[in-house]
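Inspection log for the structure reproduced underneath, given as structure tokens.
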Amino acid sequence: MIAFANRLPHVLWINQRLVPLSEGWLTEAIEESARQVGHDQWELAPHVARAISEYLETDCTATVLSVQTLEGMLKRSIAGIGYEEIAQHSRITPPRVSIYLPELANQKKMELAFYPELSQRLEQAVAYEVKAVRLVGLRDCAKILDAAIKWRKTCEGIRSNIINFSKACLEKADLKAPVQLVLCDA
């Protein structure tokens, strides 16, 4: 068996792409299923996600799961604790992806080389049909691209350009569902 860093298998997602499974992703899927039947704050969602994660980490030998297999696990687990109405609506929601911007900036060093790479990463995220794209390290990325040790006014301009560029890329993409852009300076 191949050991993945998070010890959970990958999910064979749309277009036969492997997406790393996380407990957070499972929790979001369960919470969304619960909301569909009127449980707006279903407190058992994180516990069910933890139980499935624990099983996948310790007893499951598969390194890749199909969406259907994972949805079956969700349905059986939720029905098993007596919530059949939630189990019937259980499905795996699209994942969220993170793009670590300082890594991209360190590879490219200049804005002119950075933006095509960012565009490519955003296009890949759209191809995964994700729920959200999280831009991580926005502040550090702006400092790298500005060759600044400390934050300065020009860094703010670069930060704004990255945000506007990312929004424009997502707006022009052929989206089947809206993709949320989440900004994270840290």
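Data overview
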| read-out | value |
| --- | --- |
| Estimated FRET transfer efficiency (Gln88, Thr61; beta-carbon r; R0 22 Å; 0.05) | 0.15 |
| Under Karplus coefficients 6.51, -1.76 and 1.60, residue-wise ³J(HN,Hα) of the range 157-171 in Hz, glycine/proline x | x, 5, 4, 4, 4, 5, 4, 4, 4, 5, 4, 5, 4, 5, 5 |
| Accessible area of the range 44-109 belonging to carbon and sulfur atoms, whole % at 1.4 Å probe | 50 |
| Hydrodynamic radius (Kirkwood) for the range 110-179, which is based on Cα pairs only, to one decimal in Å | 12.8 |
| Diffusion constant of the chain at 25 °C, which comes from Stokes-Einstein with the Kirkwood Cα-pair radius and 0.890 mPa s, µm²/s | 134 |
| Residue-by-residue Karplus 3J(HN,Hα) for the range 74-81, coefficients 6.51, -1.76, 1.60, Hz, glycine and proline x | 4, 4, 5, 5, 6, 5, x, 9 |
| Charge dipole magnitude, Cβ of K and R +1, D and E -1 - the chain, Cα centre, debye nearest 20 | 760 |
| Average accessible surface area per residue within the range 11-153, 1.4 Å rolling probe, Å² | 52 |
| Cβ-derived FRET efficiency at R0 45 Å, Glu71 paired with Thr154, nearest 0.05 | 0.40 |
| Within the accessible area of the range 128-186 (1.4 Å probe), percent carbon and sulfur | 53 |
| Residue (of Leu18, Ser166, Tyr55) at the positive-pole extreme of the chain, dipole from beta-carbon charges | Ser166 |
| Cα-based reach from Lys143 at 14 Å (exclusive), listing aspartates and glutamates while leaving out same-chain residues under 8 positions away | Glu103, Glu111, Glu156, Asp185 |
| Whichever aspartates and glutamates have a C-alpha closer than 20 Å to that of Lys176, once near sequence neighbours (fewer than 8 apart) are set aside | Glu28, Glu32, Glu123, Glu129 |
| Volume per residue of the C-alpha convex hull in the range 1-102, rounded to whole Å³ | 117 |
| Rough spin-label spacing in nm, given labels placed 7 Å along Cα→Cβ, for Arg35 and Ala132 | 1.0 |
| Distance between modelled label sites at Cys184 and Glu117, nm, 7 Å Cα→Cβ extension | 1.9 |
| C-alpha long axis of helix 45-58 to longest principal axis of the chain, angle in ° | 90 |
| Dipole moment magnitude, nearest 20 debye, the range 132-186 about Cα centre, only Lys, Arg, Asp, Glu C-beta charged | 120 |
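The values are calculated or read from the model by the stated rules, or taken from the named source; none is laboratory data. Worth saying up front: this structure is predicted, and the values here are computed from it rather than measured. All Cβ positions, glycine included, derive from the backbone under ideal geometry; neighbour counts span all protein chains shown. Keep in mind that these areas ignore ligands, DNA and RNA; they rest on the heavy atoms of the full protein, side chains included. Shrake-Rupley method; radii C 1.70, N 1.55, O 1.52, S 1.80 Å.
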